[in-house]
1. What residue, of A:488, A:454, is within 25 Å of the chain's Cα centre (by Cα) and closer than 17 Å to residue A:230 by Cα?
2. For residues that are of a type outside the set (D, E, K, R) and surrounded by fewer than 17 Cβ atoms within 10 Å (Cβ to Cβ), scanning just region A:274-293, find the one that is nearest to the other protein chains (Cβ to nearest Cβ).
3. Hey, among A:242, A:304, A:296, A:258, which residue is at pLDDT below 90, small (Gly, Ala, Ser) and either closer than 21 Å to residue A:179 by Cβ or touching a Cys at 6+ places or on another chain (Cβ under 8 Å) (or both)?
4. Looking for something assigned to a strand (DSSP E or B), closer than 22 Å to residue A:30 by Cβ and within 14 Å of chain B (Cβ to nearest Cβ) - is there at least one such residue anywhere in region A:47-69?
5. Got at least one residue in region B:199-212 being touching a Leu at 6+ places or on another chain (Cβ under 6 Å) and closer than 26 Å to residue B:454 by Cα?
6. Could you please find all residues in region B:395-430 being of a type in the set (A, V, I, L, M) and closer than 16 Å to residue B:460 by Cα?
7. Go through region A:114-138 and give me each residue that's over 19 Å from the mean Cα position of the chain (by Cα) and among the small types (Gly, Ala, Ser).
8. Could you check how many residues of region B:109-139 are in a helix (DSSP H, G or I) and acidic (Asp, Glu)?
Amino acid sequence: MGLLSDPNRRKALTGLLTRLNTPICGMPVEWLVKAMQSRGLEVFTQSFSRKLPFPDENKERYMVRGTNVYGILRAPRAPRTEALVITAPCSPGNTNNQAVALLLALAQYFRNQIYWAKDIIFLVNEHDLIGTQAWLEGYHHTNITGMEYSPLQGRAGSIQAALSLELSSDVITSLDLVLEGLNGQLPNLDLANLFYAFCQKLGVLCTIQGKLQRNDWDTAEGYTHAAQTMMLMVLKQACGRSWGDHGLFLRYHIEAASVRGINSFRHYKTDATTIGRLLEGMVRKLNNLLERLHQSYFFYLLPSLSRFVSIGYYMPAFGLLAVILLLRALDLWVHLGAPALAAVDGVTEPSSPGVLTVLTPVVISHLTGVALYLLPVHLQEMAVEHFPVSETEAVVLTAIAIYTAGLALPHNTQRLLSGEGTEQGWKVLKLTALLYLAVLLGCTALINFSLGFILAVTLVPITASITPHMPKALYAVVMVLLSPAFTILYCVFIYQELIEAPVSVSEGWMLFLSVISQGILDHALYGSLVYPLLALFIYPCWLMFWNILFWN
Amino acid sequence: MLILSSLLLFILTTHSEALTPAAARDEFQEELVIRPLHSGDIYASFQFRTLWDTDFLQEGQKVSHYRLFPKSLGQVLSKFSVRELHISFTQGFWRTMQWGQPFIPSPPGAELWVWFHDTVSDVDGNWKELTNVLSGIFCASLNFIDLTNTVQPSASFKPLGLGNATDHRFLRYATLPREIVCTENLTPWKKLLPCGSKAGLAVLMKSEKLFHSSFHSQAVHIRPICQDEQCSSKAWELRQTLNVVFDLHTSGQGKKEWSLFKMFSRTLTEACPLASSSKVYVDITDNPELFELSPATPLLGQAVVLGDRRTYSVYDLSRAETFGQLRSFNLLLRDMLRPLLHAERYVAGFGLQTGEIHTVIYNNHPYRAFPVLLMDSVPWYLQLYIHTLTVTSKSRDNKPSYIHYQPAKDRHRPHLLEMLIQLPPHSMTEVTVQFERALLKWTEYTPDPNHGFYVGSSVVSALVPSMVAMRTNFTQDQPLFSSFVPVKEESSYFVRVYTEPLLVNLPTPDFSMPYNVICLTCTVVAVGYGSFYNLLTRTFQVDEPSPPLSKRLANLIRRMRGVPLLT
């Protein structure tokens, strides 16, 4: 493997790129096209534009306009049916310029090899995920997020796998593998194994969640370390966003992962040549695949790169939580059937409550959910006019306001109803709500285990035990503290604690606000489903239990 | 006896010699065209033509004496009453946008199309046998052609030779997009040549070099043609073509220079002694002063091919003074000329339930519109929703003037869709049709189901308006590469463009899991059930030890004496 054996060439390349990237805002499209053409690739560009629903304050963008540049290395004597993708996001500033340089160097080296069986697409995308999304939608001719893009001119068949590079310095201490994709989708575990195998072979330090693997499994520290790593993965997966460019590929059944170079103060460094060799090895392995990656795990949690927890181990934990709801529902069902016997004794029980008594809270809480889903984005202009806030703040604060306003619902619902709530009424409502929650959590856990599990841990105990006969004030506080919004808040704090960047309460609150705005943006930009799931289903379901607590 | 047989042999040979001048007027031509492409690659195209004035299809008269024409093919032609046969094996995809039009196009994989004589009653039976025989001749898996991937196009594939057959019942067309072409297909192909690979241009065909290229395609075309200009009698033409594109980028270390030896690791030493003409053409149309040919040739030729007038340096191998080597060829990159007609295809959408096939056809002619015939043959497991068929050009609906659609029958017949579409000038026309992916029976999956299933290339055939006048008159001295498709009118030429094949993933069950479960349960059941059954049904008997010898002897004596036996 003689990749980049000439250090001068590499230095010249990286130097040129650094120079081109820093002062100019945006991507040097023409230069990239020429650079790729001179390396013997078929080069195409795609321009796209997207207006965000509200300004993204984290990345400072609102009206996004950009160009993707991609070059296709045509494999000799291959019929253009299969392809691999190597992508490097190109953003203004110094953050990722080395990745583009390495991508070009790889292209140059790969072009002169004869063993390729699949076409290789080298993609440099602008505006990170938005560019990737535009390119993927263009490649598959779909439009799920209302992006405007120009159609692609060159294609290379069905994409089998993709790797995303993120490098911001020419020497690194370790390589981090990022797997969590959109909606908590994960690539095939074999991709992670492949990366790990090559890191071992080339002696590169490799991490996952930025945490090095420890060898002392038996000790308490080792166990805690692994548990923390896995907790981080659970939190990242649960939030349903794409943690790198790779995450958007997963929707199209393309196995993908991001490789991120980390340069810390550790003495041991790895240079770009070694990273290039590692990538070359991975791409060659993928090139040799006869079939798509399959027959391995798609559902797993990683306590470290070399160990995994399979679905067979973690699903029973969730199952035990969910079965509480079902047993509770069964119990209620039996109780509801019992009054028939009581009637024989002459005690006049009111007949079973009308559909209206149960249906009204269900419908009203769902309408609140719809309001929570729709209003923040649509009312931002009005909010900005009346209050001295920015659009982003307006959206987030509207969402929180609607969420809080929902808590006042039970009183309003009672007023709407003609009669008083009966004993049987809340039982029927609770039965409905329990079954509803069980189905919701079950479906969520099948798609995104982590999200389902976190929601189950916080929601199941309180919802299973709630009745109107409990001390109202105490239980109201407990319920609010275990509501979905507070769960997000706790997750923010735990996450910060786990990545060893603890935050104060006020910082945490700011993070919480930005997490909400990012969630709404992810839904609008990439079709992440966590925000609609929480707003349209989980929150109304929680409101139904809230209703039971205040049942008169 | 020995004398007699040698005498007989003598008689036979004299007899046949007497017949030869009358019955077998045949000739053989060979030709190599080298064209430096705009992308910097080198395109080498071999053509070998054998002409024979005989008729395989005459009743009662069996053709048995073969000279230049390969006997194996001749027998096939007469046995199956084949009127025209076109077979091609291609590894790689012809990059029209980079390389322009090839002399003879072919889709990736294997393609076979045959016109049978209209006296054939059982066409399907003949077709099946023919594919099996050809599969043996060419060492290819043509035996995988069956009714599920055979279609009868109504308009796209007209006979290229004599005769004006229009009844597409006698036409069969099939492609195997998955077929992998390698040396085992090249060797039998080379053996069909009169000189084999011993002399002539075929010496250059060293398989390790031919398969170290960007594109490799070999083909055999057999058709009846006119013997002369008056077309008074019929002759059979066998054309063997081999097209290779060499990648100078990987092999040349950045230098744009090539020689025959570098490309083929052989040089030419002589023409095939059986050939009536043997020529090498080098395309020097693009800026002849920018590169240098050595040895230089005084002969320059012009030919109009694919709507373009090209200039060639001609090397006649039958003349002794040409021998030397072609070498050192420097060429500057120029701007690419866009091919006038170009098509590509892809699958849109995601998920394993539905999808959409997009076929995009480009007309790059600045001001002329022209019609094209689009033919699509889609396997039955992609269930096309033909009501979703749309044809749009310049974002306006473009209604095809002719549609021939034959729906698929599950497990019996593929979809066939043929359309005549008018392409506006300088436009992109998009044909889309949605499909649903069928769930196969578990035995119908290939051994590698997660690789995906192939859909063969769609074929775009068109008469493209020509920039220069085409020659319609039939002359013998025309180079072979410009005379394959008969030109009917001066203003246009015939082009066939193949799109890329598609690789479609079908919903695939996890085969390994049930397999593991079956293996495990079978083992458990076999061991557990077997031993239990054994225990439960066996009747146990106490096995009496056999009495010792002394006792048996004693009993024998007692029996003789009539005394009760010992127990």
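The values are calculated or read from the model by the stated rules, or taken from the named source; none is laboratory data. No experiment lies behind these values; they were computed from the predicted model shown. Every residue, glycine among them, receives a Cβ derived from its backbone with ideal geometry; neighbour counts consider all protein chains shown.
1. Working: A:488 fails: closer than 17 Å to residue A:230 by Cα.
After ruling out the rest, the residue left standing is A:454.
2. Only one residue fits best here, namely A:290.
3. Values: A:242 fails: at pLDDT below 90; A:304 fails: at pLDDT below 90; A:258 fails: at pLDDT below 90.
Going through A:242, A:304, A:296, A:258 in turn, the sole match is A:296.
4. Applying the first criterion (assigned to a strand (DSSP E or B)) to region A:47-69 yields A:47-56, A:61-69.
If we keep only those that are closer than 22 Å to residue A:30 by Cβ too, we end up with A:47-49, A:64-69.
From the residues that got through so far, the ones that are within 14 Å of chain B (Cβ to nearest Cβ) too are none.
Within region A:47-69 (the criterion being assigned to a strand (DSSP E or B), closer than 22 Å to residue A:30 by Cβ and within 14 Å of chain B (Cβ to nearest Cβ)), the answer is no, since none of the residues qualifies.
5. First, the residues of region B:199-212 that are touching a Leu at 6+ places or on another chain (Cβ under 6 Å): B:201-202, B:207.
Next, from what is left, pick out any that are closer than 26 Å to residue B:454 by Cα: none.
Taking every residue of region B:199-212 in turn, none turns out to be touching a Leu at 6+ places or on another chain (Cβ under 6 Å) and closer than 26 Å to residue B:454 by Cα.
6. Start the filter on region B:395-430 by keeping residues that are of a type in the set (A, V, I, L, M), which leaves B:403, B:408, B:416-417, B:419-421, B:423, B:428.
B:403, B:416, B:417, B:419, B:420, B:421, B:423, B:428 - these are the residues of region B:395-430 that are of a type in the set (A, V, I, L, M) and closer than 16 Å to residue B:460 by Cα.
7. A:117, A:138
8. Going residue by residue through region B:109-139, those that are in a helix (DSSP H, G or I) are B:123-138.
From what's left, acidic (Asp, Glu): B:124, B:129.
Final tally of qualifying residues: 2.
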